[in-house]
Structures are given as structure tokens and as C-alpha cells.
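Peer 1: For reference, the structure I am asking about is given below.
The values are calculated or read from the model by the stated rules, or taken from the named source; none is laboratory data. Model, not experiment: these values are computed from the prediction. Positions of Cβ are backbone-derived with ideal geometry, glycine not excepted, and every protein chain shown enters the neighbour counts.
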Amino acid sequence: MTMPTQRLNRADLSKRLVAKLKHDEAVVAGIGNTNWDLYGAGHRPQNFYMLGSMGLACPIAMGVALAQPERGVIALEGDGSILMSLGCLATIGKVAPRNLTIVIWDNGIYQITGKQATATAGTTDIVAVAKGAGIANSHWVRDEDHFEKLMDRRFDEGGPMLLAVKIDDKPGPVQTPRDPSLIRIRFMQGLGTSRGGALDA
Amino acid sequence: MAWSDTLLKALKDNDVRLVTYVPDNVLTPLLNGVTSDNTFRSVCTTREDEAIGVVAGAWMGGMKSVVMMQTSGFALIANALASLTVPSQIPTVMVISERGTMGEFNVGQHLVARTMRPVLESLGIAHHTLTDEATLPFIVDRSIKQAFMTQASVAFILSPLLTGGNPAGNAKLK
């Protein structure tokens, strides 16, 4: 499938994604605008917002997916970030956790550092890369309706699904609080793995 | 018992169920033990920082894990440790086979190995160099328990004194 030409909006699709989560699904969001727009869609206890470690949203999400195979887990990652760690797509293709979904927000720029072009702006096709890495259930998203339909059917193929979305260059309007311990503790409360006892009440 | 069996027993006794790794010659007996034992889920990743990400997610999801790598792989993970696991207080247990010392033949290994302990020190990560089977169970068992209870990472460095070094490299030494 060829890359779509229509540009969608990350904040809008993040809201559509969150609206679909009815089973306490875990969402791991990569650095910068990716997690700001997830935060902007309304905080949920099962959200993990990355502050550094660029490129590790998918590996972290896979770790959650392996530890909790009955929970749906979604990784949100930017094009610059996934380009930094394309190898993880091969690992995910090989391990094939059926409860893992990956969404790549592809604006073709390193948005936060001054809009320098990424390889996806010209040559690299993330869906082709993901398919080649072994994630057969990988798709370019055409429009908002297509995104919602694909999300609804993400478990149909019995393996991980990857969606890549061409998005505009609108930055996230709000920023996630930068407190890594707080983010981790709240996430573990959301996953039911916190050791906080009465402190969590 | 071989050193690798002694180490695997300590991991099992501490409820470690997931091993992520990038392979190394010295680690081979450990990795063979992991992949042939259904107690463990094992994931061979493409890079060591990816392996750190997977165990960080697994720990937050309630599964205890370790990462295995060689010294040169450790040189790839400073950012994952400094910007993810250490500030988030995610305990990461690392088993690192030590190259670059006591008979290294490869110049590409000997210098990168010297970056390992200073990086661990600068991040405040406890590290123990395992040199013999007699003290290994005590060090590993106690330090894993400490790591998970205090939510602080720990590195176990497998010295050639314990492992005999890289078998392929030993044959090259003149």
C-alpha cells in the first residue's frame, strides 16, 4: 500500500484512541509531542509518559505486554524515535505479542528540535519496514475513520499490529509533568502492580 | 555445579522469569541454560538499550527480569539507564560478561571495557565483580533482593577469573 497523502492530526487521533480504551489498556508514549498529546487527551492511570530514552516506547510496551498477556498494550512513537530503534520492530516481529499495538505518528520531522527532516519525509516507508521486520499486520492509516476501524480490529490477526499515520506538524498544546518517579508509580497503580498498600488509597 | 548453573539458580530462587540479552561467547553457557529452561522467557534483542526497555516495562507490569550483555553492549545503554531506569527507580538487574581484561586480544574491546565501571559509578549503580563460585550465590542472591526491595539497579560483572574468559579469544593469545 502506498503512503497516504492526507495529513491527520496527532492530538485528534490521540483523543479518538483514548476514547476507545474500555479495558484499562496500557499506553506507553514516546518522548515529546507524542506523550504530550496523550496527556492532553486526558490522563489515565494506565498511561506511561517517557521523558528520555528516545526510541524505547516499543520495547517498554513489549515488556508490559509480556508481563501482562491479558492486557491490551499500545505503544505510541514518533517517526524520529522509531528510526532510532528500527531493530525493535524485528524483535517484536519475532516475539509477536498478540496484545501489542504500535502507532507511529509520522510527521517527517524532528519536530521538537527545530523541524529537521527525518528519513520518512523522503524515502523511508515505516509500514514497509515493519512488514519486512516481520510485523505482517502493518497498515498506513488513510483517515480518521480508517484509524478507528483498524483499532477496533487490532486483535483479529492474532499477532501485533502496527499503524503508521502521516500527521501534520502541530505541536502538542500541553506538556506532561516531568516527574519520572511519579509517572512510574501512577502507571504501576494503573497496572495493579504498585507496592504502595494503603499509600495508594 | 558450573558457574552458569549457580548463577541461574540464584535468578530462579529470586523469581526472575524473563531474560533479555544480546549474545556473547562468554554468556553462551548461561544463555543455553536460559533458553532450555521453561522457567524463563527469553528475548534476544537487537541492541542492549532495547533489552533495558523491555525489562523496564516487564518490571512495571509485575515480572522480574534480568538483562545479559557483554561490556561493549553496556557502552550503548548509558542513556537508557540515566534517563529511564535510574530516575524512574526501576530496578534493572544486569549480568555483564567482562571483556577487555586479563587476556583480551581485540583492541576494540579493551578500551570500551574501561568505560563501564566509571559509568556505573557516575550513575550510582551498585556493581559486583563475580570472580569465584564460592562467593557468587551470596553476592547474587543478596544483591538481587536488595535491588528489588530498594528499587535500585545492580550490575554483576562476570570476571574472566570466574568464566575463564572468551574461549574464542583465549585460542588467539600468543
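Peer 1: Condition check: within 11 Å of another protein chain (Cβ to nearest Cβ) and of a type outside the set (Asp, Glu). Does B:Ser42 satisfy that?
Peer 2: The answer is yes for B:Ser42.
Peer 1: When you scan region B:22-102 for strands (runs of 3 or more DSSP E) that lie fully inside it, which ones turn up with 3 or more residues that are buried (at least 24 other Cβ atoms within 10 Å of the Cβ)?
Peer 2: Once the strands (runs of 3 or more DSSP E) in region B:22-102 are filtered for at least 3 residues that are buried (at least 24 other Cβ atoms within 10 Å of the Cβ), what remains is B:64-70, B:93-97.
Peer 1: Then there's this: Counting only residues that are surrounded by 24 or more Cβ atoms within 10 Å (Cβ to Cβ), in contact with a helix residue (DSSP H, G or I) (Cβ under 6 Å, 6 or more places away or on another chain) and under 10 Å from A:Thr176 (Cα atoms), how many does region A:30-48 have?
Peer 2: The number of residues fulfilling the criteria is 3.
Peer 1: Confirm whether A:Lys149 is away from chain B (no Cβ under 14 Å), of a type in the set (Lys, Arg) and either in contact with a Cys (Cβ under 9 Å, 6 or more places away or on another chain) or within 27 Å of B:Asn79 (Cβ to Cβ) (or both).
Peer 2: In short, no.
Peer 1: Only one of A:Gly132, A:Gly192, A:Gly159 is under 29 Å from A:Ala67 (Cα atoms) and within 13 Å of chain B (Cβ to nearest Cβ). Can you tell me which?
Peer 2: The conditions single out A:Gly192.
Peer 1: How many residues does region B:70-115 hold that are away from chain A (no Cβ under 14 Å) and touching a residue at least 40 places away in the same chain (Cβ under 8 Å)?
Peer 2: Qualifying residue count, region B:70-115: 20.
Peer 1: Also, I was wondering about something else. Are there strands (runs of 3 or more DSSP E) fully within region A:1-100 with at least 1 residues that are within 12 Å of another protein chain (Cβ to nearest Cβ) and in contact (Cβ under 8 Å) with a residue 60 or more places away in the chain? List them.
Peer 2: A:26-29, A:47-49
Peer 1: If a residue has to be assigned to a helix (DSSP H, G or I) and in contact with a helix residue (DSSP H, G or I) (Cβ under 7 Å, 6 or more places away or on another chain) to count, how many in region A:178-201 make the cut?
Peer 2: Of the residues in region A:178-201, 6 are assigned to a helix (DSSP H, G or I) and in contact with a helix residue (DSSP H, G or I) (Cβ under 7 Å, 6 or more places away or on another chain).
Peer 1: Can you find even one residue in region A:162-177 that is modelled with pLDDT under 95, farther than 18 Å from A:Ala75 by Cβ and either in a helix (DSSP H, G or I) or within 14 Å of another protein chain (Cβ to nearest Cβ) (or both)?
Peer 2: yes
Peer 1: Which of the residues that make up region A:83-119 are out of contact with any Gly (no Cβ under 7 Å at 6 or more places or on another chain) and of a type in the set (A, V, I, L, M, F, W, C)?
Peer 2: Listed by number, the residues that qualify are A:Leu83, A:Leu86, A:Cys88, A:Leu89, A:Ile92, A:Val95, A:Leu100, A:Ile102, A:Val103, A:Ile104, A:Ile109, A:Ala119.
Peer 1: I would also like to ask the following. Quick check on region B:162-171. Is at least one of its residues part of a helix (DSSP H, G or I) and modelled with pLDDT of 95 or more?
Peer 2: yes
Peer 1: Same structure, new question: From the residues in region B:107-151 that are of a type in the set (Ser, Thr, Tyr) and assigned to a helix (DSSP H, G or I), which one is nearest to the chain's Cα centre (by Cα)?
Peer 2: Ranking the candidates gives B:Ser143 first.
Peer 1: Just to be sure before I move on: is A:Gly108 of a type in the set (Gly, Ala, Ser) and surrounded by fewer than 18 Cβ atoms within 10 Å (Cβ to Cβ) in the structure I sent?
Peer 2: So A:Gly108 does not fit the description; no.
Peer 1: Given the conditions (1) of a type in the set (Val, Ile, Thr); (2) assigned to a loop (DSSP other than H, G, I, E, B); (3) surrounded by 20 or more Cβ atoms within 10 Å (Cβ to Cβ), which single one is not true for A:Val129?
Peer 2: The number of the failed condition is (2).
Peer 1: Restricting attention to region A:117-153, report how many residues are closer than 21 Å to A:Asn9 by Cβ and not acidic (Asp, Glu).
Peer 2: 15
Peer 1: In region A:55-80, what count of residues is obtained for those that are touching a helix residue (DSSP H, G or I) at 6+ places or on another chain (Cβ under 7 Å) and over 16 Å from A:Val27 (Cα atoms)?
Peer 2: 1
Peer 1: Taking region B:116-125 on its own, how many of its residues are more than 14 Å from chain A (Cβ to nearest Cβ), within 30 Å of A:Thr193 (Cβ to Cβ) and touching a residue at least 12 places away in the same chain (Cβ under 8 Å)?
Peer 2: Result for region B:116-125: 4.
Peer 1: Within region B:10-39, count every residue that is of a type in the set (S, T, N, Q) and within 14 Å of another protein chain (Cβ to nearest Cβ).
Peer 2: 2
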